[in-house]
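The values are calculated or read from the model by the stated rules, or taken from the named source; none is laboratory data. Predicted model only: the values in this text are computed from it and were never measured. FYI the Cβ positions are ideal-geometry reconstructions off the backbone, even for glycines, and counts take in every protein chain you see. Heavy atoms of the whole protein, side chains included, go into the accessibility calculation; ligands, DNA and RNA do not. Shrake-Rupley method; radii C 1.70, N 1.55, O 1.52, S 1.80 Å.
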Amino acid sequence: MPARRCAALGAAVALVAGPVVLAAPAQATGGTGGTGGTGGTGVTTGKGKASAVVLRTGLDVSLLNKSVDVPLRAALNEVRAPADADKTALTVELDGVDQGRPFTVLRADVATARATVDEQKAEGYANIAHAKVHVPGLPLLSLIEVQEVTSKAVCAAGKKPVAESNLLGTVTVLGKKVTLSAAGPTRVEVPGVGEVTLDLSKTRTTSRTAAATALELKVAVNPLKLNVADVQGTLTLAEATCEAPAEPVRQTEPEPEKEGVEPQTATEPTTENLAETGGNSMTPYLAAGAVLLLAVGGGALVLVRARDRG
């Protein structure tokens with residue numbers, strides 16, 4: 001009986017003192033889930049545009065005392081992009097304006113139009129060299145002759161667009177050599193033939209676009225006032241345009257959501273943390289006391305058993 005009482009007393013003291021194992025800092029619970037990580041980045045861009053043309057006519061031709069009106073709408077080597085484009089035809093002919101025979105409007109040694117677009121830049125380019133332009137009613141006399149004209153328009157993403165035109169060599173209008181001025185239009189009149197007004201190197205730019213025209217002619221021709229062919233309208237040589245691609249915009253992709261609870265750092269437990277795990281600040285002392293009481297109870301039990309055997 002004394003031995004049983006000592007053992008029971010030791011067990012009771014241990015239960016009152018609380019658990020022997022110290023409470024560890026709280027750890028995350030729940031599923032492992034994804035670890036997340038840094039979000040990726042994407043780049044979005046918008047395509048630009050470009051165009052070029054060697055010759056464009058917007059003329060109205062009246063034949064036989066205006067009894068027949070024939071619109072003369074022609075374009076030589078007109079190209080447009082997004083896709084790369086390049087043309088080098090050297091002549092353009094029309095039907096139905098010269099007694100049923102093909103009529104050659106332009107003939108040149110060099111006639112190039114190019115339009116290119118990529119993610120960074122859009123560019124239009126037109127070049128013509130040693131060119132002669134004719135209109136109905138003047139089969140032997142050129143409306144205009146040029147040595148070389150070039151237009152270029154470049155629009156790069158995020159940069160100021162550039163438009164430029166160059167005229168090299170001499171220009172002859174209705175058989176007359178003329179000196180063109182960038183300050184304003186140049187007017188050429190030939191009695192009994194007609195009148196031509198020329199604008200040299202017209203360029204314009206905006207924040208994203210550019211356009212360049214080497215020569216633009218306003219034509220009014222009626223040879224000898226015979227009303228055989230009255231030609232009115234406009235004619236353009238070497239034109240290039242562009243529109244810049246949209247500047248790249250970086251977009252950050254959202255990070256994947258993490259499952260579960262984020263792990264807590266293993267810092268010194270606070271009163272609040274211990275309360276959440278079922279302990280308090282006295283737990284270490286109670287545990288130590290429980291160990292001591294168990295040891296004393298065990299020693300007493302051994303002494304009692306030894307005395308009973310004796």
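A Cβ distance below 8 Å, combined with a sequence gap of six or more or placement on separate chains, defines the contacts here; from the stretch 175-188, residues that are part of a strand (DSSP E or B) reach residues that are open to solvent by 90 Å² or more (accessible area, probe 1.4 Å) in the pairs THR186/THR179; VAL188/LYS176. VAL162 fulfils the conditions (1) at pLDDT 95 or above; (2) crowded, with 20+ Cβ neighbours inside 10 Å; (3) over 20 Å from THR234 (Cα atoms) except for a single criterion, (2). Scan the stretch 134-159 for residues that are touching a residue at least 40 places away in the same chain (Cβ under 8 Å), of a type outside the set (Lys, Arg) and open to solvent by 30 Å² or more (accessible area, probe 1.4 Å) and jot them down. Within the stretch 134-159, GLY137, PRO139, LEU141, VAL154, GLY158 qualify.
What tally of residues in the stretch 172-192 results from selecting those that are surrounded by 13 or more Cβ atoms within 10 Å (Cβ to Cβ), at negative phi and in contact with a Ser or Thr (Cβ under 8 Å, 6 or more places away or on another chain)?
Applying the first criterion (surrounded by 13 or more Cβ atoms within 10 Å (Cβ to Cβ)) to the stretch 172-192 yields 172-175, 178, 180, 185-186, 188-190.
Filter again for at negative phi, leaving 172-173, 178, 180, 185-186, 188-190.
From the residues that got through so far, the ones that are in contact with a Ser or Thr (Cβ under 8 Å, 6 or more places away or on another chain) too are 172, 178, 180, 185-186, 188.
So the answer is 6.
Only one of the numbered conditions (1) assigned to a strand (DSSP E or B); (2) farther than 30 Å from GLU247 by Cα; (3) of a type outside the set (A, V, I, L, M, F, W, C); (4) touching an Asp or Glu at 6+ places or on another chain (Cβ under 7 Å) is violated by GLN147, and that is (4). For the stretch 207-241, the candidate set comprises residues that are among the charged types (D, E, K, R) and not in a loop (DSSP other than H, G, I, E, B); within that set, the residue that is surrounded by the fewest Cβ atoms within 10 Å (Cβ to Cβ) is LYS225. The test for being among the basic types (Lys, Arg), surrounded by fewer than 16 Cβ atoms within 10 Å (Cβ to Cβ), touching a residue at least 12 places away in the same chain (Cβ under 8 Å) and assigned to a strand (DSSP E or B) holds for ARG204.
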